[in-house]
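Working notes for the structure below.
The values are calculated or read from the model by the stated rules, or taken from the named source; none is laboratory data. Computed from a predicted structure; not experimentally measured. Glycine gets a Cβ as well: all are built from the backbone with ideal geometry, and neighbour counts include every protein chain shown.
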Amino acid sequence: MTQLHPRRWWALGALAVSLLTVGLDLTVLNVAVPTLAVDLGATTTQLQWFGNAYTLALAALLLPAGLLGDRFGPKNLLLAALAVFGLASLGCAYASSPGQLIAARVVLGVGAAFLIPLTLSLLNILFPPEERAKALTTWVLATFAGIPLGPLLGGWLLDHFAWGSVFLINVPLTVVGVLAVLLLIPRTRGSGQGGIDFRGIALSAAGLVALTYGFVHAGEHGWTDPVTLGLIALGVVVLAGFCWTQPRVAAPLTDLALFREPRFVWGATLATMASFALMGLLFVLPQLFQAVQGADALQTGVRLLPLIGGMLVSAKLAERLVAALGVRVVVTFGFALLAAGLAWGSTTSAADGYGATVGWEIVIGLGTGCTLPPLMTMSMGALTEGRAGAGSALIQVLRQVGGTIGVAVLGTVLNGAYRDGVPVDGLPAPVADAVRGSASSAVAVAEKLHLPALAASARTAFTDGMAATLWVCAGLGLAGALLALLFLPGRTGAGEQPRESEHDVVAS
């Protein structure tokens, strides 16, 4: 039986601080994009690759990271990942050209690809089953808390310091993480069994990169673009080949037998659906606040806090409710709340101020807190310690791809409705293209040309597109509620304990 580590809660707190860097990095770059375009002379394509380079490296290496954590134990790999993340942040901060920044962002994605599954797999090692739900709630909230903090910190830093400061904020957090891992995380024996499935690593990396970039490309160029279709088809074919080879190798990259475990399958599937809806919301909310309501980056971060506050409150309540009522009741109710909040958000008009959004932000946060932590707890409960890394990596891959698909699909819905609604008659072609590109561009053009009617129509067209987007998310929430009601275990099933750990904790 796994020996309880006396400093496990201190260790979790320090790891949570380190995980903030991942959430921060998802949003802080958005704040700095206009400055980077000027200071580095970056083209539009290069600006897009500042984000894509990180995303693709993350997608490619999540599965190998989980496997290596299981084989060799997570402590040393986690130390290396934190060091890589901190050094890459320094590289981003002091990049002097777009190419250097893109390269540093790739390395940053490599560090994040190891950080996410390794910290998640440690929860199965550090905490007994009765404490794991609380620990996992802390982990989930730490990964999301950085999202509003990115614009908050990024906006303040850009007002007072050079753009490199938005990356330098990662460095002290990673230093804290390194010290915490050294002093607080126990060293665990990896399985040490079997070779490395290099063919599986190559196939999974190639397939996930092609699929992820295909969906990113779809969001920028449309679903009928030949490159989009080719990349998605290539990704599907390569990943199918990967799945075909896994049962046929002695030491597979991931354990596909997990898909025969209902707790893992439905926990991971429904968590992916919740992430899809949440990423869609986080795609439209900053644009609503900035393009329609006139907020700056710092104010946008502040306006996202009710969403995170709702998550914090309901995630803590969900722990007790799952114990009393079972995971099925709590998650079904959470998805219903999520759907209701999203449907409420679809009624927001261009004339509404921020006060009109606070209520439905809180409801969506409450729904998310009742879905993601319990679902992650349930899926992680299906993992023994010997496959915690590979299993947690597989969960993160599904959520990563689901979030990417969500942004691409919902971005298409939003852009289609917006472009159909914004008037460009009588405008020169370059101006019309800018107006149709985004609501933010349209408002900037309208202010420059002194066309208040154009700005008003762009804001209305955006909220119409946002309404369509949120209705799609609400439909997904209702589908999640139905699936949770039909397939999640009741109170008895929710209390099932994971099988005994395979490896003991040894002296760190």
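For the stretch 300-309, check the following and say yes or no: at least one residue is free of Cβ contacts under 8 Å to residues at least 12 places away in the same chain and assigned to a helix (DSSP H, G or I).
Step one: filter the stretch 300-309 for residues free of Cβ contacts under 8 Å to residues at least 12 places away in the same chain, giving none.
No; the residues of the stretch 300-309 include none that is free of Cβ contacts under 8 Å to residues at least 12 places away in the same chain and assigned to a helix (DSSP H, G or I).
Take the residues of the stretch 206-244 that are β-branched (Val, Ile, Thr) and at pLDDT below 90: which is farthest from residue 403 (Cα to Cα)?
So, considering only residues that are β-branched (Val, Ile, Thr) and at pLDDT below 90, the one farthest from residue 403 (Cα to Cα) is 224.
Residue 214 fails exactly one of the following numbered conditions: (1) farther than 25 Å from residue 408 by Cα; (2) buried (at least 16 other Cβ atoms within 10 Å of the Cβ). What is the number of that condition?
(1)
Can you tell me which residues in the stretch 62-80 are small (Gly, Ala, Ser), over 18 Å from the mean Cα position of the chain (by Cα) and part of a helix (DSSP H, G or I)?
If the condition is that a residue be small (Gly, Ala, Ser), over 18 Å from the mean Cα position of the chain (by Cα) and part of a helix (DSSP H, G or I), then 69, 80 are the ones that fit.
Return yes or no: is residue 290 farther than 22 Å from residue 368 by Cα, among the polar types (S, T, N, Q) and surrounded by fewer than 18 Cβ atoms within 10 Å (Cβ to Cβ)?
Answer is no for this residue.
Among 365, 334, 369, which is the only one that is touching a residue at least 40 places away in the same chain (Cβ under 8 Å), in contact with a Cys (Cβ under 7 Å, 6 or more places away or on another chain), crowded, with 24+ Cβ neighbours inside 10 Å and part of a helix (DSSP H, G or I)?
Step by step, each of 365, 334, 369 is checked, and only 334 is touching a residue at least 40 places away in the same chain (Cβ under 8 Å), in contact with a Cys (Cβ under 7 Å, 6 or more places away or on another chain), crowded, with 24+ Cβ neighbours inside 10 Å and part of a helix (DSSP H, G or I).
Here's the yes/no breakdown for (1) within 30 Å of residue 481 (Cβ to Cβ); (2) outside the structural domain of residue 376 (by TED's automatic domain parsing); (3) of a type in the set (A, V, I, L, M, F, W, C):
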position: 237; (1), (2), (3): no, yes, yes
position: 241; (1), (2), (3): no, yes, no
position: 244; (1), (2), (3): no, yes, yes
position: 256; (1), (2), (3): yes, yes, yes
position: 266; (1), (2), (3): yes, no, yes
position: 269; (1), (2), (3): yes, no, no
position: 273; (1), (2), (3): yes, no, yes
position: 278; (1), (2), (3): yes, no, yes
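Could you grab me the full set of residues in the stretch 353-362 that are aromatic (Phe, Trp, Tyr) and assigned to a helix (DSSP H, G or I)?
The one that is aromatic (Phe, Trp, Tyr) and assigned to a helix (DSSP H, G or I): 360.
Every residue, every condition in (1) of a type outside the set (S, T, N, Q); (2) touching a Leu at 6+ places or on another chain (Cβ under 6 Å); (3) surrounded by fewer than 22 Cβ atoms within 10 Å (Cβ to Cβ), yes or no:
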| site | (1), (2), (3) |
| --- | --- |
| 438 | no, no, yes |
| 448 | yes, no, yes |
| 461 | yes, no, no |
| 471 | yes, no, yes |
| 477 | yes, yes, no |
| 486 | yes, no, yes |
